[in-house]
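Participant: Have a look at the structure that comes next, please.
Every read-out reported here was derived from the displayed coordinates using simple, explicitly stated rules and does not represent laboratory data. Model, not experiment: these values are computed from the prediction. Every residue, glycine as well, gets a Cβ built from its backbone with ideal geometry; the counts of neighbours run over all protein chains shown.
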Amino acid sequence: MATAGQWIEGARPRTLPAAVAPVLAGTGVAAFDHAEVWWKAALALLVSLLLQIGVNYANDYSDGIRGTDDVRVGPLRLVGSGLAPAESVKAAAFTAFGLAGVVGLVLAASTAWWLVAVGAVSILAAWYYTGGKKPYGYLGLGEVMVFIFFGLVAVLGTQYVQAEKLTWAGLAAAVGIGSLACGILVTNNLRDIPTDTMSGKRTLAVKLGDRRTRWLYVGLVVVALFAVAGVAALTTEAALLGVLGYIQLNQAMVIVGKKRAVGPALIPVLQLTGVGELLYAVGLFAGLMLGR
């Protein structure tokens, strides 16, 4: 079983913004149509948080046993640093996934049973990012899956369990959140290009190289700006409060694009992007509530 310290590691700071942001955005879009259901929003948040924690543990376990974390620039991992047995971290990952599944079943039972399939695929995607014989995260597909599951699925799923419908505004919000979630992973992989190259981990950043990966990060942040404009055009001008996120995101783009930071100097960008994503979602939520 996981210790209290390991659960704290699983819930490290950038986990909370990544879990909260899609639920805020999806609930905001539902609320604009006066279709919010607060207890379902709370359960969706719990599912999102548990999946994020499960992903953290699963990546820690799988990268650790492969030796990918033997030389690491970022924060220490439990398995790679020897702070916890690999099997204990694996058990923690499956505990988080299992709890997410149980809560997800409650949402499915109260909405639509086909959501069980969506939840199952989400858990499998979380595990096979770095797990299994051919993890897709090692093939340069991590950003695609993050966009799909922590953007499109998370935001639209939150909207659907409350409103029981999907809208173009919901899709625009999902694109924005998904782009910023991708930005966190792109920053992480940009930082780790040297060590991932040595360990044979062929992330998208490794394939694109340093310069193009920096352009990708900036492009994702710009896409999110267009997305919030799209939400506003489809709903209310008040949704433009989502640009609050750019207080942090502009700083992050300067560090990545202008200062061309490398290694540990990129670690603040992870926090800036995570907080920027959260502020983006808070702004969207508040604007949609105010403008409905």
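Participant: Between GLN271 and ALA229, with labels modelled 7 Å along Cα→Cβ, what's the label distance in nm to one decimal, could you check?
Facilitator: Result: 3.2 nm between the two label points.
Participant: May I pose another question? What distance in nm separates the two pseudo spin-label positions at ALA117 and VAL222, each 7 Å out from Cα along the beta-carbon direction?
Facilitator: It is 3.8 nm.
Participant: Taking Cα pairs under 8 Å and at least six residues apart, what relative contact order does the chain come out at, in percent?
Facilitator: Working: 496 pairs, mean separation 71.2, N = 292.
Value for the chain: 24 percent.
Participant: Rounded to the nearest 500 deg cm²/dmol, what is the calculated helix-only ellipticity per residue at 222 nm for the chain, with -39500 (n - 2.57) per DSSP H run of length n ≥ 4?
Facilitator: -23000 deg cm²/dmol
Participant: Say we join alpha carbon atoms closer than 10 Å with springs in a Gaussian network model of the chain; which of LYS40, LYS90, LYS259 then has the biggest fluctuation?
Facilitator: Comparing LYS40, LYS90, LYS259 in a Gaussian network model of the chain, the most mobile one is LYS259.
Participant: Take the Cα gyration tensor of the chain, multiply each eigenvalue by 5, square-root it, and list the three semi-axes largest first, rounded to whole angstrom.
Facilitator: Numbers: eigenvalues 176, 115, 43 Å².
Over the Cα atoms of the chain, the semi-axes work out to 30, 24, 15 Å.
Participant: Residues with beta-carbon under 12 Å from that of LEU288, excluding LEU288: net charge, scoring Lys, Arg +1 and Asp, Glu -1?
Facilitator: On the way: positive: ARG292; negative: ASP33, GLU36, GLU237.
Spelling it out: positives minus negatives among the neighbours equals -2.
Participant: Another one. What is the extension gain from ILE247 to TRP39, computed as 0.36 nm multiplied by their sequence separation minus the C-alpha to C-alpha distance, in nm to one decimal? Walk me through the numbers before you get to the answer.
Facilitator: Working: separation 208, 0.36 × 208 = 74.88 nm, distance 3.11 nm.
Stretched fully, the ILE247-TRP39 segment lengthens by 71.8 nm.
Participant: Sorted by average packing, counted as other Cβ atoms within 10 angstrom per residue and highest first, what order do 208-217, 181-190 take? The partial results should precede the final answer.
Facilitator: Values: 208-217: 16.3, 181-190: 26.4.
Most protected by this proxy first, the peptides run 181-190, 208-217.
Participant: Go through LYS40/LYS90; LYS133/LYS201; LYS134/LYS165; LYS90/LYS207 and tell me which ones have a Cα-Cα distance over 24 Å in this structure.
Facilitator: Values: LYS40/LYS90 29 Å; LYS133/LYS201 13 Å; LYS134/LYS165 36 Å; LYS90/LYS207 29 Å.
Where the Cα-Cα span goes over 24 Å, the pairs concerned are LYS40/LYS90; LYS134/LYS165; LYS90/LYS207.
Participant: Then there's this: What full-extension length gain, to one decimal in nm, is calculated for LEU139 and THR197 as 0.36 nm per residue of separation minus the Cα-Cα distance?
Facilitator: On the way: separation 58, 0.36 × 58 = 20.88 nm, distance 1.21 nm.
In short, 19.7 nm is gained.
Participant: What FRET efficiency comes out for ALA91 versus LYS165 if R0 is 41 angstrom and r is the Cβ-Cβ distance? Round to the nearest 0.05.
Facilitator: Numbers: r = 39 Å, r/R0 = 0.94.
Once the sixth-power term is evaluated, E becomes 0.60.
Participant: Another question, then. Between the stretch 227-292 and the stretch 151-200, what's the alpha-carbon centroid distance in Å?
Facilitator: 13 Å
Participant: Sorted from fewest to most neighbouring beta carbons within 10 Å, what does the list ARG191, ARG202 look like?
Facilitator: ARG202, ARG191
Participant: What net charge do the residues around GLN159 carry, taking every other residue with its C-beta under 13 Å from that of GLN159, with Lys and Arg at +1 and Asp and Glu at -1?
Facilitator: Details: positive: LYS40, LYS165; negative: ASP33, GLU36, GLU164.
Here the count lands on -1.
Participant: Using the Cα gyration tensor of the stretch 85-219, with a ≥ b ≥ c the square roots of its eigenvalues, what is the shape: rounded (a/c below 1.5), prolate (a/b larger than b/c) or oblate (neither)? Don't skip to the answer; put the middle values down first.
Facilitator: Values: a/c = 3.00, a/b = 1.37, b/c = 2.19.
The shape class here is oblate.
Participant: Here's something else I'd like to know. Order 106-117, 28-39 from most to least packed using the mean count of other Cβ atoms within 10 Å.
Facilitator: Details: 106-117: 14.0, 28-39: 19.7.
For the peptides 106-117, 28-39, the packing ranking is 28-39, 106-117.
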